[in-house]
Protein chains: 2
Amino acid sequence: MPAALILIADGTEEMEFTITYDVLVRGGVKTTSAFVPDLSSPSVSVSPPAAKGSRGINIIPDSYLDFGECGPDKYDLLVIPGGAKGAETMSKSPTVQELVRRYIQEKKFVGMICAGSLVAQSAKLEKQPITSHPSVKAQLENEFDYSEKPVVVSDYLITSRGPGTTFPFALTLVELLCGKERREEIRGPMVFPANTPF
Amino acid sequence: MPAALILIADGTEEMEFTITYDVLVRGGVKTTSAFVPDLSSPSVSVSPPAAKGSRGINIIPDSYLDFGECGPDKYDLLVIPGGAKGAETMSKSPTVQELVRRYIQEKKFVGMICAGSLVAQSAKLEKQPITSHPSVKAQLENEFDYSEKPVVVSDYLITSRGPGTTFPFALTLVELLCGKERREEIRGPMVFPANTPF
């Protein structure tokens, strides 16, 4: 059974977090969330025990970010969701930066969505195809081959754009970890409208 | 500023809860969640303080279901999300049943999605157009005019089908509470793929 770690912080976009987590579980991926503290301003953090999402939903993480427990020896996929403040916390975290580099080095998958793609820059990943929320395009387009496709797969780095592309992002992650058949199996019961383009 | 109450229980489908809550907040709706206890089996409930979603995400509700505090005098919209176990808890709750009847009587909106539509039956709403998750169609099609459209608006009752239809469901609720212009304003920044049919 493949295993995924999905990061969460104060300010994480809760739709991106929840859709990705839920769809991975539906796909048969053992999924765990890990809280990333905002070390720059601990006094304004409401956590622990909960992460306050960008629109105010309080989610209890399954675990806390720990370098030794969160590496590519333990998980097949690391996911960085968006939400401006949450993604900023993650992109500035040296632990997150080093984990992202190690996952890629060890040929494990890394998913980044929305402003979460900023971690590709802070972790100094090599120039490659990438996408992100349009609001952070300017920070990424010089250092990467910027695309406006809903989901961009570049070897082990999968990036996407925002809440509206999280379903195809998460379904792509299920396909990469569990195969195309599993992706199709779990798509039906979610009842997408006819002509949904993913 | 319109106000919405969205119910949550152990077993609530966390994508349906989170997408609806988040999109309502983006639309400018003051949104509050209220926990519905499973009175039939308190010993297996993990709550309070958190509701464990259908795929394991733990969400802290903003408040607890209270008949006096949750009525149509306080809110313009009541939302019942799906998730088989959460929807069962809500559909069996006499408090939820009576609240749904009062919202409709007072011409306030009620939204039900997925298995949440079962509350239309348990609250004994009159025969009208409705949709739901396909898995509970058989329990509804004799008592209602069953539809397979992604979102069905029947006066003050708005119903929808599953996680894959939650974005159009939530956008419809924003349009009803805040107008079509607001719906369009908040749609762009969520970055739906081209040709998304809502």
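The values are calculated or read from the model by the stated rules, or taken from the named source; none is laboratory data. Worth saying up front: this structure is predicted, and the values here are computed from it rather than measured. Because the Cβ atoms are built from the backbone with ideal geometry, glycine has one as well, and the counts that use them run over all protein chains shown.
Tabulated data for the structure shown
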read-out	value
Test: residue in region B:43-62 that is within 11 Å of the chain's Cα centre (by Cα) and modelled with pLDDT of 95 or more	no
Flag for B:V79 being out of contact with any helix residue (DSSP H, G or I) (no Cβ under 9 Å at 6 or more places or on another chain), outside any loop (DSSP other than H, G, I, E, B) and within 14 Å of chain A (Cβ to nearest Cβ)	no
So A:Q105, is it within 15 Å of the chain's Cα centre (by Cα), of a type in the set (S, T, N, Q) and either buried (at least 18 other Cβ atoms within 10 Å of the Cβ) or more than 14 Å from every other protein chain (Cβ to nearest Cβ) (or both)	no
Subset of region A:141-164 (residues that are within 14 Å of chain B (Cβ to nearest Cβ), charged (D, E, K, R) and more than 13 Å from the chain's Cα centre (by Cα))	A:E148, A:K149
Checklist (1) acidic (D, E); (2) in contact with a Pro (Cβ under 8 Å, 6 or more places away or on another chain); (3) in contact (Cβ under 8 Å) with a residue 60 or more places away in the chain applied to B:E88, failing item	(2)
Which listed residue, of A:F167, A:F192, is touching a residue at least 40 places away in the same chain (Cβ under 8 Å) and within 14 Å of another protein chain (Cβ to nearest Cβ)	A:F167
Unmet criterion (only one of (1) under 16 Å from B:E88 (Cα atoms); (2) part of a helix (DSSP H, G or I); (3) more than 14 Å from chain A (Cβ to nearest Cβ); (4) in contact with a helix residue (DSSP H, G or I) (Cβ under 8 Å, 6 or more places away or on another chain)) for B:A138	(4)
Restricting region B:117-135 to residues that are of a type in the set (A, V, I, L, M) and part of a loop (DSSP other than H, G, I, E, B), the residue that is surrounded by the fewest Cβ atoms within 10 Å (Cβ to Cβ)	B:L125
Which numbered condition B:L5 misses (of (1) within 13 Å of chain A (Cβ to nearest Cβ); (2) buried (at least 24 other Cβ atoms within 10 Å of the Cβ))	(1)
Every residue from region B:4-24 that is over 16 Å from B:F109 (Cβ atoms), touching an Asp or Glu at 6+ places or on another chain (Cβ under 7 Å) and aliphatic (A, V, I, L, M)	B:A9, B:M15
Region B:16-30, residues that are of a type outside the set (D, E) and in contact with a Lys or Arg (Cβ under 8 Å, 6 or more places away or on another chain)	B:Y21, B:V25, B:R26, B:G27, B:G28
Per-region count, region B:134-150, residues among the hydrophobic types (A, V, I, L, M, F, W, C), touching a residue at least 12 places away in the same chain (Cβ under 8 Å) and over 20 Å from B:E14 (Cβ atoms)	2
Sole exception among (1) touching a residue at least 24 places away in the same chain (Cβ under 8 Å); (2) within 14 Å of chain A (Cβ to nearest Cβ); (3) not aliphatic (A, V, I, L, M) for B:S40, by number	(2)
Residue identified as free of Cβ contacts under 8 Å to residues at least 40 places away in the same chain, crowded, with 19+ Cβ neighbours inside 10 Å and away from chain B (no Cβ under 13 Å) among A:P94, A:P72	A:P72
Subset of region A:46-69 [within 29 Å of A:P134 (Cβ to Cβ), within 14 Å of another protein chain (Cβ to nearest Cβ) and not polar (S, T, N, Q)]	A:V46, A:A51, A:K52, A:G53, A:R55, A:G56, A:I57, A:I59, A:P61
Residue match in region A:105-114 (condition: touching a residue at least 60 places away in the same chain (Cβ under 8 Å), in a helix (DSSP H, G or I) and touching a Leu at 6+ places or on another chain (Cβ under 6 Å))	no
